[in-house]
Amino acid sequence: MDRYIWEALLFKKILGLKSRFKILLYRALGLRLGKRNRFENGRIRRATQIELGQYNAFTSGYMLWPEDAPFKGTRIKIGSYNYFNRNIMIDACGSIEIGDNNMFGPDIYITDSNHSYNGQVSPKDLPMQKGKVMIGNNCWLGAKVVILKDVVLGDNCVVGAGAIVTKSFPAGSIIAGVPAKIIKYNAN
C-alpha cells in the first residue's frame, strides 16, 4: 500500500480515537450530545450548559465557552450536521442557538454579550450586557466572521469573509462588510 495511504489511515484512526475519548469525557462532565459528533483539539467549559445534536464536526481550535458561572439551563444549543472549521469561538453569557446543516469557516467569533462601559469605571468591574444570538439552518459563514449580541440570521444566509454582523438579517440574505449589510437577496 502507498505510504501516503498508510499515513492518512494512521492519522485518521488516531484522531478518531482521541475524539471518542473526548466525547466520553464531555458526557461525564454533563454535555448533552447526539450520536457521531467529532471533536479535534479544542476546549469546552461548563459542559452542562451545552447541548449538541448529531453529526457535528469541530476541527482544531474550537472553544465552546459558556459564562463561567453556575446556571441550570442551556447557554449553547447546536443542532445537527454542522461543520465548524478551525479556531471557532462560541462565547455565551446569555443564549446562542445554531440550527442544522451550517458551515462555519475558520477563525469565527460568535458572542451574545457586550461589556458595559461608562468612562469612569473599568469594564471588568461592570456587569455584562447579555443577549441572544440565533443562526438558522443551511447558513454559510466565511472565514473571520464576527457575530455580535442580539443577531438573528434566518435560514439560508451567506455571510462573506471578514464581515462583522451587528444586526439581524432575514432568510436568504447574502451579507458582507463592516458592518455587514445585504449585498444580495435570494428569495427561494
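Where a number appears in this text, it was derived from the coordinates with a stated rule and is not lab data. None of the values given here were measured: they were computed from a predicted structure. Glycine gets a Cβ as well: all are built from the backbone with ideal geometry, and neighbour counts include every protein chain shown.
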Positive dipole terminus of region 3-185, leading residue within N41, G73, G119 (C-beta point charges): N41
Two-site FRET efficiency, M63 against Q120, from Cβ-Cβ distance with R₀ of 35 Å, rounded to 0.05: 0.65
Phi-based couplings in Hz for region 120-132 (Karplus 6.51, -1.76, 1.60; Gly and Pro marked x): 10, 10, 4, x, 5, 9, 10, x, 6, 8, 8, x, 8
Alpha carbon Rg of region 3-185, scaled by the compact-globule rule 2.2 N^0.38 Å: 1.08
Region 1-104, Cα convex hull volume normalised per residue, Å³: 96
Entries of K130/K181; K144/K184; K72/K167; K35/K181; K22/K124 with Cα pairs more than 25 Å apart: K72/K167; K35/K181; K22/K124
Euclidean distance of C-alpha centroids, region 65-106 and region 11-26, integer Å: 20
For a label point 7 Å along the Cα-to-beta-carbon line of R27, residues of region 54-78 with backbone N under 18 Å: 54-58
Residue-by-residue Karplus 3J(HN,Hα) for region 95-111, coefficients 6.51, -1.76, 1.60, Hz, glycine and proline x: 8, 10, 10, 10, x, 10, 6, 9, 10, 10, x, x, 6, 9, 10, 10, 9
Mean Cα-pair separation over length for region 3-185, i.e. relative contact order, pairs under 8 Å, 6 or more apart, %: 12
Cα long-axis angle, helix 3-28 against the chain (0 to 90 degrees, to the nearest 10): 60
